[in-house]
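Data block below; observations after.
Values in this text are rule-based calculations from the coordinates and carry no lab data. This structure is a prediction, so every number in the text was calculated from the model and none was measured. Heads up, the Cβs are rebuilt from the backbone with ideal geometry, glycines too, and the neighbour counts pull from every protein chain shown.
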């Protein structure tokens, strides 16, 4: 149907349908969006493993030379030669330095001549004393003359002894012109160049030498560990005051495990009250010179036979201001924080001495997604040890 002005009139049913569609669209726009919570994160769980673990004391220490000597010039003179390369290994008694020898050789010869002269004087005085003694028996001389020649004989004998002593000193000084290595070791750099006067007034340090085979490692033990060691010593019936020959294992910062084996060598007499620690020392053969003085080392001392212990991966043991903890999952799949006390590291696993039981389920993977008090989805895993090259 058309109106007089030419516009088309809509039919009533079409108008109603359009109104209904518009109303539905407006109603949909007024509905609010609802939040759908994400599913709980998935973590891997496993009970701790129980294995026999040796009782260890783990400490850190520093290596030190078995012997360390500053080589000095003990006589005065020009340094004539340096007979080693800086930093090289030398054998015992190797000639290292030579100091001008001519004056000391001449002094030796002088006292050798003095001895010859003193011997001649002694012989003459002894001969005359004996002659005067025979003459006195025949009343052909006086007692004063005999006493005079006795004094001259004794004076000549004393002069001979003095000359011999001077010769010995001269030979010693001549020996000091040759500086030898007191033991096999590694030389430092030479501190004086040839041509310089050394030993003038005071001893002059020429170089240092350190003995590297064997090698020491010094460490300190706190009071708690000291009591632990004493308890072990009592159980082993080791007399107090003796140093038991127990092995000590060492590892450097770039090494896994404890590949170097030595023995306990020394324990101090008592606790240092300032630090609350006691000093110990281990000795290592160091035949391959893998260790040099001054290195930081990790040390492990076995104390007693192996005993069953609970272990978990070391990477899951966390630390906060209250101490160490691990995350476990309860029966309702809720994450819990469990405080623990730890022991030594064994094949990548950390010994748990307190805080866990065999039935606890610790989170071994996905720890970063787990928060205490939150729900998680779990899947079963297995704790595996990380192998290391040597000595545990």
Subject >> 222 nm mean residue ellipticity, helices alone, for the chain (DSSP H n ≥ 4; -39,500 (n - 2.57); rounded to 500) >> reply: -9000 deg cm²/dmol
**OP:** Measure out, as a whole number of angstrom, how far apart the alpha-carbon centroids of the range 58-122 and the range 252-312 sit.
**Re:** 38
Original post:
Using Cα atoms only, what is the angle between the long axis of helix 223-235 and the major principal axis of the chain, expressed in degrees (0 to 90) to the nearest 10?
Top reply: 70
Original post:
With axes computed from alpha carbons, what is the tilt in degrees of helix 102-137 against the longest principal axis of the chain, rounded to the nearest 10 within 0 to 90?
Top reply: 40
Subject >> the chain: C-alpha gyration tensor shape, a/c 1.5 cut-off, then a/b vs b/c >> reply: prolate
Subject >> Förster-model FRET efficiency, 30 Å R0, residue 117 and residue 92, C-beta, rounded to 0.05 >> reply: 0.15
**OP:** Starting from the Cα-Cα distance between residue 375 and residue 295, subtract it from 0.36 nm times their residue separation and give me the gain in nm to one decimal.
**Re:** 24.0 nm
Original post:
Is any residue of the range 282-312 close enough, with backbone N under 13 Å, to a label point placed 7 angstrom from the Cα of residue 264 along the Cα-Cβ axis, and if so, which?
Top reply: 282-283, 300-305
**OP:** Using a cut-off of under 20 Å, list every residue of the range 148-173 whose amide N is near the label point 7 Å from the Cα of residue 106 along the Cα-to-beta-carbon line.
**Re:** 166-173
**OP:** Calculate, for residue 67 and residue 158, the FRET efficiency according to 1/(1 + (r/R0)^6) with r their C-beta to C-beta distance and R0 51 Å; round to the nearest 0.05.
**Re:** 0.75
**OP:** In nm, give the distance between the simple-model label positions of residue 218 and residue 42, each being 7 Å from the Cα along the Cα-to-Cβ direction.
**Re:** 5.6
Subject >> Calculated FRET efficiency for the pair residue 288/residue 353, C-beta based, R₀ 45 Å, to 0.05 >> reply: 0.80
Original post:
Where in the range 150-173 does the label zone of residue 134 land, with the point 7 angstrom along Cα→C-beta and an amide N cut-off under 17 Å?
Top reply: 150
**OP:** Rounded to the nearest 10 degrees, what's the angle between the helix 12-30 long axis and the longest principal axis of the chain, both from Cα atoms, 0 to 90?
**Re:** 20
